[in-house]
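Encoded as structure tokens, the structure appears first; notes follow it.
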Amino acid sequence: MKKITGLKEQILLLAAVSGELSDTAVRRLHPSYGYISNCLSGLRDDNLIRKINEDKLTGYKLTVKGKHFVSQSYPDRLAGFITGGVGTDKVRLDTMHRQRYHRIAETVVMMHRLGIAVLPGDKPSLYAPPLAVDRSLSQPCFYLSHEVKDMGENGIKINNARFTGMLRSGGGDYLLYNTCSIPLKWEEMSEYRALELLQSELHTKLRPIMLGHTMDVAYDLLMGNGKKNSTCYKVTGILPCIHYVPFDENGEFLMRMGFLSGCLNALKTALLKDSVQKPNSVWYCDGFTGDGKPILYACDFDMQRIYAYRNKLDMDRLGGVVYSFDFQTAVLERYFEGLGVVFKVLDRKKVEEKLEVSDKSSIHHPCPGLASNFSSTIFR
């Protein structure tokens, strides 16, 4: 068979590591869905992938011929992944496993679009010494959940954890989840146990990130709209934090700003340089205005802090000031309705232009210094 390149190659490789690419994940690989459809049709005509449309789930899996092709064409990059008997290699067509594959696929596609190494042969082994992440890594790495759980005897202790993988970068280490379009099924103690064990094994500090299809899903999570089902994620849990990131270009921007570089923290420092600090305050906030109103910097969308801030506002009725990006503001306005919150809305595109974080080549460099008049140029 002739050599396959471009988008077709991406689809094959990402389907290989994900198990099954969801239609939602495939649509993020190129701005033209017509072009995507042509590539999918070509791969199906060559009998390298097959389309599965069952139980309201549409996805694409490698055929037997497709698995043979990628294992022969990319032996170093896949590093035995197809023949190793891992979860994504097994033929499982039940709805539960397909949903799991789709959550993994969407996470993998976002990492791929951000220029993060996801294929086994493109990154060092997670548990190869030294275990502590090298902050000088030229490229961040994403490890799928089965790679993270492959720690020997201790791996069985976190088999039930629902994270899709771990991101290691110069900006920190993160445990990623994907709730898709509804609150994720969740066992609080299993996730907390996984977090603690991995931090101990890898000698690092992990921060959880929750992906979701849209910002509206974040509102459902904050409001506890899955609370009728006791097995769904609740923002009132014991995890120290959990950041929400939408599965779109806004989410990719947030990943570059906050989790692949120090730009989000540098922006916070510039914006809040004149705020009043009260070290002994009981508020979950980032400072106070001159007249005593609490300020929340919500650009990193840490749902635990947002929830705690709202509860305190609801009790004290002082009003407050919230900084957020334009794509986050509609959800936060609904969530803080009636509590006297004033929003300082940052324009995402203006921030991108100012900090040069809009392309893959810039995601690993330190955040540029911020001029003293910077903050006045980025608000809507």
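The values are calculated or read from the model by the stated rules, or taken from the named source; none is laboratory data. Keep in mind that what you see is a predicted model, and the values were worked out from it rather than measured. Counting neighbours? That spans all protein chains shown, and the Cβs are built from the backbone with ideal geometry, glycine included. Only protein heavy atoms, including side chains, enter the accessible area calculation; ligands, DNA and RNA are left aside. Shrake-Rupley method; radii C 1.70, N 1.55, O 1.52, S 1.80 Å.
For the chain, with all protein chains in place and a probe radius of 1.4 Å, 49% of the accessible heavy-atom surface sits on carbon or sulfur. 3J(HN,Hα) along the range 36-50, derived from phi through the Karplus expression 6.51 cos²θ - 1.76 cosθ + 1.60 where θ = phi - 60°, amounts to 4, 4, 5, 5, 5, 4, x, 5, 6, 5, 7, 6, 9, 9, 9 Hz, with x in place of Gly and Pro. A Cβ-based charge dipole, computed about the Cα centre of the chain with Lys and Arg at +1 and Asp and Glu at -1, lands at about 420 debye.
Reported to the nearest whole Å, the Cα centre-to-centre distance from the range 235-285 to the range 7-35 is 31.
Each label point was placed 7 Å from the Cα along the Cα-to-Cβ direction; for LYS157 and LYS56 their separation is 3.9 nm.
Using the heavy atoms of the protein chains alone and a 1.4 angstrom probe, what is the accessible area of the range 244-349 per residue in square angstrom? For the range 244-349, the per-residue accessible area is 40 Å². Calculate, for TYR192 and ASP122, the FRET efficiency according to 1/(1 + (r/R0)^6) with r their C-beta to C-beta distance and R0 35 Å; round to the nearest 0.05. Calculated value: 0.65.
Computed FRET efficiency, Cβ-Cβ of ASP347 and TYR35, R0 30 Å: what is it to the nearest 0.05? My answer for the efficiency is 0.50. In the chain, the DSSP-assigned H stretches of four residues or longer account for a calculated mean residue ellipticity at 222 nm of -10500 deg cm²/dmol, using -39500 (n - 2.57) per stretch and the full residue count as denominator. Net charge in the neighbourhood of ILE52 (other residues with Cβ under 9 Å of its Cβ; Lys, Arg +1, Asp, Glu -1) is +2.
Put simply, the amide H of LEU296, placed in the peptide plane, has neighbours under 5 Å in ASP286, VAL321, VAL322, TYR323, leaving out anything fewer than 5 places away on its chain. By a 1.4 Å probe calculation restricted to protein chains, LYS293 has an accessible surface near 70 Å², given to the nearest 10.
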